[in-house]
């Protein structure tokens, strides 16, 4: 392995040469305390920045094993290292100047959720730390400015490594508290089944967000407090006792006037499948890890999906046991979304009336009198919600504000009153008794079939297929965009980058026409669990910034991939 002095001499030799001479810097270089690897060098100063990583052995990094002796604690530690390195890199970025991206130093930008990422990996066996970053190699025009790159690699970057990746630079309590918080969150989430709950919201939580473009907590917001009837107290490993509202398994209705916090509560439950950083306000809002937000999605693609539980006998004669369309309606898209969630193993469905197809959700008494059930191909969700719970153990949490017919179906009814929850189950049930249902529920339906078996596409098994991310809107694979705007539990663009890689990995290694789609998702989940996100990159030294998606989002991406061969 070459030394840092060798790299310094190389930079001196290529200074003021044409930009492609920077390619000579690729490789591993031994610096005091760590190894710097230059994995990919950008083609010119205006191209995507160069990709590097630093590697510190466990003794040099010095992080105590108790900070990473559990997966949740390790992910929290990696998250803290990434955030600190990002803060230091932001201060150093731009101090070296030039054209294009010259002087950029960047790492993953972490949001409020704590996610497993390729940006930072700590080996649980050895304590070795690897951090990946991007650097804009400096140039004047398209001429190498090696002195500025020397400033980055020999001055600015070592400061970032020292300040973020070595335990001696950290206040010990800061890292310990982050790891303890992650363990408490995981403990609470695992405790839900024992408590008969599908979610928990701690007293004192701050659920409203700062704005539509900021996920930080809103200043001055009303702190959450559980109604006495739903209050639960749990003893956590580190924080001790925490009290809050338990959302019981079964059918739970969230009601209330407009702007009183119904959708805000549901949004917090959606993202309760992830851990959150200290100060987020939702640190102790946890949800069943399989929970899926379901909504209507007009125009989406549906492929070979059994939606007959909800829709059958279409006037066109179209098969709903193996339903396929490139332009789904609101009702068919939401029916497909429910079935796909069940295929993904969801034990909790989350729905908001505002983003649902009205005719899929409910039919009022007058409509049933005018349009007889025999003339309506849709069996509304209200006729199936009890069946899903009592026959399949699938809970539903629904935000509703316009139809009281849901009171009959619900086990628990929570009213949000100026962001304060109240248990009004007894009151609502009493009022509902004066308005009996207009018709008996639909006859029980057959469970959907889950046997879709995708086949590989030879055009996507090569090594030159491009994956591009479009923020949190979608991912493009070989010029085809998979629209993921309505997969609302995706919280980071790096999750979409990982989904694109999952799709390609499956094409190359898993799709064979024999494995079901659910099994493919299982094997991808096992791959990420055992070998990490880096396994999706085919052994390439230049690993992009990726964040781990859930199994449910992997399936959601397959479901929206229009050219997937089934």
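The values are calculated or read from the model by the stated rules, or taken from the named source; none is laboratory data. The structure presented is a predicted model; accordingly, all values stated were derived computationally and were not measured. Because the Cβ atoms are built from the backbone with ideal geometry, glycine has one as well, and the counts that use them run over all protein chains shown.
Table: residues versus (1) touching a strand residue (DSSP E or B) at 6+ places or on another chain (Cβ under 7 Å); (2) crowded, with 16+ Cβ neighbours inside 10 Å; (3) touching a residue at least 12 places away in the same chain (Cβ under 8 Å); (4) not in a helix (DSSP H, G or I).
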{"residue": "179", "(1), (2), (3), (4)": "no, yes, yes, no"}
{"residue": "190", "(1), (2), (3), (4)": "no, no, no, no"}
{"residue": "206", "(1), (2), (3), (4)": "yes, yes, yes, yes"}
{"residue": "210", "(1), (2), (3), (4)": "yes, no, no, yes"}
{"residue": "219", "(1), (2), (3), (4)": "no, no, no, yes"}
{"residue": "241", "(1), (2), (3), (4)": "yes, no, no, yes"}
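Listed residues 342, 398, 350; which is within 28 Å of the chain's Cα centre (by Cα), modelled with pLDDT of 90 or more and either in a loop (DSSP other than H, G, I, E, B) or within 23 Å of residue 452 (Cβ to Cβ) (or both)? Before you say what the answer is, go through the steps one by one.
Numbers: 398 fails: either in a loop (DSSP other than H, G, I, E, B) or within 23 Å of residue 452 (Cβ to Cβ) (or both); 350 fails: either in a loop (DSSP other than H, G, I, E, B) or within 23 Å of residue 452 (Cβ to Cβ) (or both).
Sole residue among the options that is within 28 Å of the chain's Cα centre (by Cα), modelled with pLDDT of 90 or more and either in a loop (DSSP other than H, G, I, E, B) or within 23 Å of residue 452 (Cβ to Cβ) (or both): 342.
Does residue 121 qualify as being crowded, with 20+ Cβ neighbours inside 10 Å and either at pLDDT below 95 or farther than 28 Å from residue 145 by Cα (or both)? Can you show your working first?
Details: crowded, with 20+ Cβ neighbours inside 10 Å: yes; either at pLDDT below 95 or farther than 28 Å from residue 145 by Cα (or both): yes.
Yes, satisfied.
Among the candidates 560, 479, 452, 464, which residue alone is touching a strand residue (DSSP E or B) at 6+ places or on another chain (Cβ under 6 Å) and modelled with pLDDT under 95? Spell out how you get there, then give the answer.
Values: 560 fails: modelled with pLDDT under 95; 479 fails: touching a strand residue (DSSP E or B) at 6+ places or on another chain (Cβ under 6 Å); 464 fails: touching a strand residue (DSSP E or B) at 6+ places or on another chain (Cβ under 6 Å).
Exactly one of 560, 479, 452, 464 is touching a strand residue (DSSP E or B) at 6+ places or on another chain (Cβ under 6 Å) and modelled with pLDDT under 95, namely 452.
Determine which member of the set 236, 195, 265 is surrounded by 21 or more Cβ atoms within 10 Å (Cβ to Cβ) and in the same structural domain as residue 350 (by TED's automatic domain parsing).
Numbers: 236 fails: surrounded by 21 or more Cβ atoms within 10 Å (Cβ to Cβ); 195 fails: surrounded by 21 or more Cβ atoms within 10 Å (Cβ to Cβ).
Exactly one residue qualifies, and that residue is 265.
Within the range 313-339, how many residues are assigned to a loop (DSSP other than H, G, I, E, B) and either buried (at least 16 other Cβ atoms within 10 Å of the Cβ) or touching a strand residue (DSSP E or B) at 6+ places or on another chain (Cβ under 7 Å) (or both)? First the steps, then the outcome.
Of the residues in the range 313-339, the ones assigned to a loop (DSSP other than H, G, I, E, B) are 313-322, 326-329.
Adding the requirement that they be either buried (at least 16 other Cβ atoms within 10 Å of the Cβ) or touching a strand residue (DSSP E or B) at 6+ places or on another chain (Cβ under 7 Å) (or both) leaves 320, 322, 328-329.
The total comes to 4.
On the given criteria, is residue 171 farther than 23 Å from residue 249 by Cα, surrounded by fewer than 20 Cβ atoms within 10 Å (Cβ to Cβ) and in contact (Cβ under 8 Å) with a residue 60 or more places away in the chain? First the steps, then the outcome.
Details: farther than 23 Å from residue 249 by Cα: yes; surrounded by fewer than 20 Cβ atoms within 10 Å (Cβ to Cβ): yes; in contact (Cβ under 8 Å) with a residue 60 or more places away in the chain: no.
Spelling it out, it is not the case that residue 171 is farther than 23 Å from residue 249 by Cα, surrounded by fewer than 20 Cβ atoms within 10 Å (Cβ to Cβ) and in contact (Cβ under 8 Å) with a residue 60 or more places away in the chain.
Here are some conditions: (1) out of contact with any strand residue (DSSP E or B) (no Cβ under 7 Å at 6 or more places or on another chain); (2) over 30 Å from residue 178 (Cα atoms). Residue 126 meets all but one. Which one does it not meet?
(2)
State whether one or more residues within the range 457-468 are within 27 Å of residue 354 (Cα to Cα) and in contact with a helix residue (DSSP H, G or I) (Cβ under 7 Å, 6 or more places away or on another chain).
Taking every residue of the range 457-468 in turn, none turns out to be within 27 Å of residue 354 (Cα to Cα) and in contact with a helix residue (DSSP H, G or I) (Cβ under 7 Å, 6 or more places away or on another chain).
Could you tell me whether any residue of the range 359-366 is surrounded by fewer than 22 Cβ atoms within 10 Å (Cβ to Cβ), modelled with pLDDT under 95 and under 23 Å from residue 317 (Cβ atoms)? Steps first, answer last, please.
Quick first cut of the range 359-366, residues surrounded by fewer than 22 Cβ atoms within 10 Å (Cβ to Cβ) only: 359, 362, 364-366.
Subset that is modelled with pLDDT under 95: 359, 362, 364-366.
From what's left, under 23 Å from residue 317 (Cβ atoms): 359.
Taking every residue of the range 359-366 in turn, at least one turns out to be surrounded by fewer than 22 Cβ atoms within 10 Å (Cβ to Cβ), modelled with pLDDT under 95 and under 23 Å from residue 317 (Cβ atoms).
Take the range 292-307 and flag every residue that is assigned to a loop (DSSP other than H, G, I, E, B), surrounded by fewer than 24 Cβ atoms within 10 Å (Cβ to Cβ) and touching a strand residue (DSSP E or B) at 6+ places or on another chain (Cβ under 8 Å).
295, 300, 301, 306
Residue 276: crowded, with 22+ Cβ neighbours inside 10 Å and either under 20 Å from residue 187 (Cα atoms) or in the same structural domain as residue 183 (by TED's automatic domain parsing) (or both), yes or no? I'd like the intermediate steps shown before the answer.
Details: crowded, with 22+ Cβ neighbours inside 10 Å: yes; either under 20 Å from residue 187 (Cα atoms) or in the same structural domain as residue 183 (by TED's automatic domain parsing) (or both): yes.
Yes, satisfied.
Please identify the pairs in which a residue from the range 62-85 that is buried (at least 22 other Cβ atoms within 10 Å of the Cβ) has its Cβ atom under 9 Å from the Cβ atom of a residue that is modelled with pLDDT under 95 and part of a helix (DSSP H, G or I), counting only partners at least 6 apart or on another chain.
Every condition considered, no pair remains.
Give me the residue from the range 27-41 that is surrounded by 15 or more Cβ atoms within 10 Å (Cβ to Cβ) and outside any strand (DSSP E or B) and, out of that set, nearest to the chain's Cα centre (by Cα).
Ranking the candidates gives 41 first.
All but one of (1) touching a strand residue (DSSP E or B) at 6+ places or on another chain (Cβ under 8 Å); (2) at pLDDT 95 or above hold for residue 355; which doesn't?
(1)
Taking into account only those residues within the range 353-363 that are within 22 Å of residue 552 (Cβ to Cβ) and in a loop (DSSP other than H, G, I, E, B), which is farthest from the chain's Cα centre (by Cα)?
It comes out as 357.
Taking the residues in the range 124-142 that are in contact with a helix residue (DSSP H, G or I) (Cβ under 8 Å, 6 or more places away or on another chain), at pLDDT 95 or above and surrounded by fewer than 18 Cβ atoms within 10 Å (Cβ to Cβ) as candidates, determine which candidate is nearest to residue 541 (Cα to Cα).
128
Kindly indicate the residue of the range 472-492 that is free of Cβ contacts under 8 Å to residues at least 24 places away in the same chain and in a loop (DSSP other than H, G, I, E, B) and also surrounded by the fewest Cβ atoms within 10 Å (Cβ to Cβ) among those meeting that condition. Spell out how you get there, then give the answer.
Let us first name the residues in the range 472-492 that are free of Cβ contacts under 8 Å to residues at least 24 places away in the same chain, namely 473-474, 478-479, 481, 485.
Right, trim to in a loop (DSSP other than H, G, I, E, B) and you get 473, 478-479, 485.
On the way: 473: 14, 478: 17, 479: 8, 485: 14.
If we take residues in the range 472-492 being free of Cβ contacts under 8 Å to residues at least 24 places away in the same chain and in a loop (DSSP other than H, G, I, E, B), then 479 is surrounded by the fewest Cβ atoms within 10 Å (Cβ to Cβ).
Take the residues in the range 243-262 that are free of Cβ contacts under 8 Å to residues at least 60 places away in the same chain and part of a strand (DSSP E or B), then tell me which one is farthest from residue 284 (Cα to Cα).
The first filter runs over the range 243-262 and keeps only residues free of Cβ contacts under 8 Å to residues at least 60 places away in the same chain, leaving 243-244, 246, 259.
Still in the running and part of a strand (DSSP E or B): 243-244, 246.
On the way: 243: 10, 244: 9, 246: 12 Å.
This residue is 246.
Within the range 42-74, how many residues are outside any loop (DSSP other than H, G, I, E, B), closer than 17 Å to residue 166 by Cβ and within 25 Å of the chain's Cα centre (by Cα)?
To start, the set of residues in the range 42-74 that are outside any loop (DSSP other than H, G, I, E, B) comprises 50-56, 58-61, 65-67, 71-74.
Checking which are closer than 17 Å to residue 166 by Cβ leaves us with 53-56, 58-61, 65, 67.
Filter again for within 25 Å of the chain's Cα centre (by Cα), leaving 53, 67.
Total meeting the criteria: 2.
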